[in-house]
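First comes the structure, then the notes that go with it.
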Amino acid sequence: MSTCSPAIAARSFQSLWLLLLRCLAIAFLLGGAGGCASLPANEGRTASTAFNQPELTPLGQLVQARRAEAGTRSDSAFHLLDAVDAALSSRLALIAGAQRSLDLQYYAIHADASTEVLLQGLRDAARRGVHVRILLDDFNSVGEDAQVLRLAFEPNVEIRLFNPLPGNRSNMIGRILTSLHDVGRMQKRMHNKLFLADNAWGITGGRNLGDRYFGSGDKQNFVDLDVLAAGRIVRDMSVSFDRFWNDELAYPVQTLLDPEDLDRLRKPEPGSATRTSDAQPPGPVLPVTVSPTVLPSVTPTAVVAADRPPMDLRSVPLVWAPSILLVDEPGKVGPGDDEVNAGDTVVDGLLALMQQARRDVLIISPYFVPGQRMMAVYGQLRQRGVRIRVLTNSLASNDAPAAHAGYARYRQALLDMGVELYEMRSDPETAADLLGSSGQRRGSGGLFGGGPGGSKSSTSRASLHSKAVIIDGLLSVIGSMNLDLRSQLKNSEVALVVRSAALAQQGTKQIEDTLKTAAYRLERRGNRLHWRAPPGAGFGDEDSEPGASARLKLLVRVLGPFAPDQML
């Protein structure tokens with residue numbers, strides 16, 4: 001690719017180039033670099049917890065009314081957010097309906113029009129008295145994306161950065177190079193994704209916040225999945241949020257940056273990891289308290305184009321069902337050995353659920369690098385006759401080529417044990433079909449249709465970003481986790497486990513429709529792999545990585561084998 005987003009760069013640099021960067025780190029340290037930046041003391045933080053009386057708010061009362069209307073004994077309800085329009089409009093509905101609290105926890109929030117719509121809503125909510133807390137992993141808060149942090153200087157808004165890295169914030173390359181003295185810290189990230197309103201309604205899943213997650217990316221759009229939740233399970237989600245929010249790794253923005261720092265970051269020097277001493281920063285922008293937009297780079301016109309009406313929570317279909325929350329502890333991201341928490345993580349809990357399967361396991365994981373323990377679980381399931389189907393990215397659709405290199409190591413063994421592997425196409429036609437070009441999916445209703453992407457979605461490429469497992473047509477696990485060693489050992493994750501045949505049936509149908517229209521199935525042809533197109537598809541079979549350039553294939557083939565699985 002000639003250009004890439006900060007999110008793509010983050011994943012790519014953290015994996016494909018990490019081995020090379022470690023070599024640079026040794027040279028950097030041996031060369032006597034003039035001192036490493038350090039973090040300030042994380043003092044003066046005020047502990048806080050979620051609003052604990054949701055039944056006193058309209059959102060909480062709506063949950064009670066919907067439950068009485070359904071006549072159910074279950075105390076939690078769910079709705080799959082499998083379309084980009086629904087993903088954005090549901091968040092807008094939570095912002096519009098909140099009266100007491102809005103708590104957001106994300107790995108990445110990007111500075112673009114879709115985010116501006118949400119940030120303006122959060123600013124308006126804060127001004128009407130809602131307490132807004134945003135917990136953001138620090139890794140992607142660089143360059144233009146750091147402008148999201150301007151909201152921290154709005155009254156009634158708190159933003160904390162989790163596991164922050166000292167040093168350069170001009171761009172991603174600079175951030176990585178100035179963090180080489182602490183590669184272990186850089187590798188461990190808070191990957192959780194929560195969006196909670198009045199402790200009554202919430203959203204979790206695979207989506208970060210930004211145009212590419214809502215079908216409006218120029219060059220790439222992520223095919224993603226969330227679930228809207230209501231009732232008791234949201235209180236469990238809030239407990240998890242509070243645990244991270246009050247952890248010693250959560251730094252208030254004001255301890256790390258001030259508005260002048262954000263002004264200097266607004267337009268970093270092109271191609272430079274650090275600003276030269278004589279470079280002039282751009283002039284200051286209006287404070288967020290009086291500016292018409294939160295993000296200085298986003299015009300009001302772009303905001304109007306990206307805006308959507310809020311979802312009607314009074315009529316959205318809900319499935320009431322038993323549920324539990326799987327969530328990692330904040331300490332997983334802290335210093336220490338990766339193996340300390342082995343056996344007690346979200347991914348480990350998911351593997352334990354999978355081992356109870358009797359008939360069928362359906363997996364969606366954009367980055368699928370099993371490792372030996374996961375391979376052993378899959379082997380045991382296959383020996384018992386359990387069908388396993390996996391939908392992951394093709395090399396062409398994968399925004400992290402090194403992760404594909406790790407997955408490729410296991411393809412032959414997975415096929416040999418009888419696992420059915422599917423790889424998603426990346427071409428613009430697939431993106432337009434899956435995301436929708438004018439609010440309606442052109443195809444037969446597969447994954448994630450109906451998006452606001454407009455003409456952008458018809459020219460951008462698709463990249464799978466959904467994370468879900470459906471077991472025996474009964475258990476649905478939807479969250480932030482990938483089925484890889486990074487999610488198992490390094491990143492913190494969160495997932496909902498819902499026991500509902502109805503919800504599992506919805507998810508299975510959508511995934512199977514996608515397998516029938518937008519994914520290749522891998523087969524063995526002697527010692528070679530073959531990518532078989534679905535019957536009746538508008539594209540044909542392939543004998544090598546479909547849609548990937550010769551340069552990309554060579555890059556993965558040459559560099560991929562040198563990176564350990566846990567780094568991908």
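From (1) surrounded by 13 or more Cβ atoms within 10 Å (Cβ to Cβ); (2) out of contact with any Phe, Trp or Tyr (no Cβ under 8 Å at 6 or more places or on another chain), pick out the condition that doesn't hold for R525.
Among (1) surrounded by 13 or more Cβ atoms within 10 Å (Cβ to Cβ); (2) out of contact with any Phe, Trp or Tyr (no Cβ under 8 Å at 6 or more places or on another chain), R525 violates only (1).
Would you confirm whether any residue within region 267-290 is modelled with pLDDT of 80 or more and open to solvent by less than 40 Å² (accessible area, probe 1.4 Å)?
No, region 267-290 contains no residue that is modelled with pLDDT of 80 or more and open to solvent by less than 40 Å² (accessible area, probe 1.4 Å).
Hey, T57 hits all of (1) open to solvent by 20 Å² or more (accessible area, probe 1.4 Å); (2) more than 24 Å from the chain's Cα centre (by Cα); (3) modelled with pLDDT of 95 or more; (4) among the hydroxyl-bearing types (S, T, Y) but one; which does it fall short on?
Failing condition for T57: (1).
Name the residues in region 352-372 that are of a type in the set (G, A, S) and either open to solvent by 10 Å² or more (accessible area, probe 1.4 Å) or free of Cβ contacts under 8 Å to residues at least 60 places away in the same chain (or both), would you?
Residues of region 352-372 that are of a type in the set (G, A, S), as a first pass: 352, 357, 365, 371.
Listed by number, the list holds a single entry, A352.
Out of everything in region 237-260 that is assigned to a helix (DSSP H, G or I) and in contact with a helix residue (DSSP H, G or I) (Cβ under 8 Å, 6 or more places away or on another chain), what residue ends up being modelled with the lowest pLDDT?
Going residue by residue through region 237-260, those that are assigned to a helix (DSSP H, G or I) are 237-245, 253-255, 259-260.
From what's left, in contact with a helix residue (DSSP H, G or I) (Cβ under 8 Å, 6 or more places away or on another chain): 243-244, 253-254, 259.
On the way: R243: 98, F244: 98, V253: 96, Q254: 95, P259: 92.
That would be P259.
Read through the list (1) closer than 21 Å to K219 by Cβ; (2) among the small types (G, A, S); (3) at pLDDT 95 or above, then give the number of the only condition that A376 fails.
(1)
For region 531-558, name all the residues that are crowded, with 16+ Cβ neighbours inside 10 Å and under 13 Å from R409 (Cβ atoms).
The answer is V556, and nothing else.
Can you find, within region 61-85, the residue that is farthest from S216 (Cα to Cα) among those that are open to solvent by less than 20 Å² (accessible area, probe 1.4 Å) and among the small types (G, A, S)?
Residues of region 61-85 open to solvent by less than 20 Å² (accessible area, probe 1.4 Å): 63, 76-78, 80-81, 83-84.
Pick out the ones that are also among the small types (G, A, S) and you get 76-77, 83.
On the way: S76: 32, A77: 29, A83: 13 Å.
That would be S76.
Output the residues belonging to region 102-121 that are open to solvent by less than 10 Å² (accessible area, probe 1.4 Å) and touching a His at 6+ places or on another chain (Cβ under 8 Å).
L102 - this is the single residue of region 102-121 that is open to solvent by less than 10 Å² (accessible area, probe 1.4 Å) and touching a His at 6+ places or on another chain (Cβ under 8 Å).
Going through region 105-125 one residue at a time, which ones are under 16 Å from H191 (Cβ atoms) and part of a loop (DSSP other than H, G, I, E, B)? Quick ask: steps written out before the conclusion?
Residues of region 105-125 under 16 Å from H191 (Cβ atoms): 105-110.
Y107, A108, H110, listed by residue number.
Tell me which of these L196 doesn't satisfy, since it passes every other one: (1) open to solvent by less than 10 Å² (accessible area, probe 1.4 Å); (2) under 27 Å from K509 (Cβ atoms).
(2)
Filtering region 124-134 down to residues that are surrounded by fewer than 23 Cβ atoms within 10 Å (Cβ to Cβ) and either small (G, A, S) or touching a residue at least 60 places away in the same chain (Cβ under 8 Å) (or both), which residue is farthest from V253 (Cα to Cα)?
Selected residue: G129.
Can you name the strands (runs of 3 or more DSSP E) wholly within region 458-568 that have at least 2 residues being small (G, A, S)? Please lay out each step first, then the result.
Working: elements: 461-464, 468-471, 475-479, 494-499, 519-525, 528-532.
Here the list reads 461-464, 475-479.
Kindly indicate whether any position in region 77-89 is in contact (Cβ under 8 Å) with a residue 24 or more places away in the chain and more than 19 Å from K193 (Cβ to Cβ).
Looking through region 77-89, at least one residue is in contact (Cβ under 8 Å) with a residue 24 or more places away in the chain and more than 19 Å from K193 (Cβ to Cβ).
Considering only region 42-73, state which residues are in a loop (DSSP other than H, G, I, E, B) and more than 15 Å from H131 (Cβ to Cβ). Explain how you work it out, then say what you get.
The initial filter retains those residues of region 42-73 that are in a loop (DSSP other than H, G, I, E, B), namely 42-53, 57, 71-73.
Within region 42-73, N42, E43, G44, R45, G71, T72, R73 meet the criteria.
Considering only residues of region 177-191 that are at pLDDT 85 or above and open to solvent by less than 10 Å² (accessible area, probe 1.4 Å), which is farthest from L326 (Cα to Cα)?
M186
The values are calculated or read from the model by the stated rules, or taken from the named source; none is laboratory data. Note that the structure is predicted; figures quoted are calculated from it, not measured. Neighbour counts run over all protein chains shown; Cβ positions are idealised from the backbone, glycine included. Just so you know, the surface numbers come from the protein's heavy atoms only, side chains and all, with ligands and any DNA or RNA stripped out. Shrake-Rupley method; radii C 1.70, N 1.55, O 1.52, S 1.80 Å.
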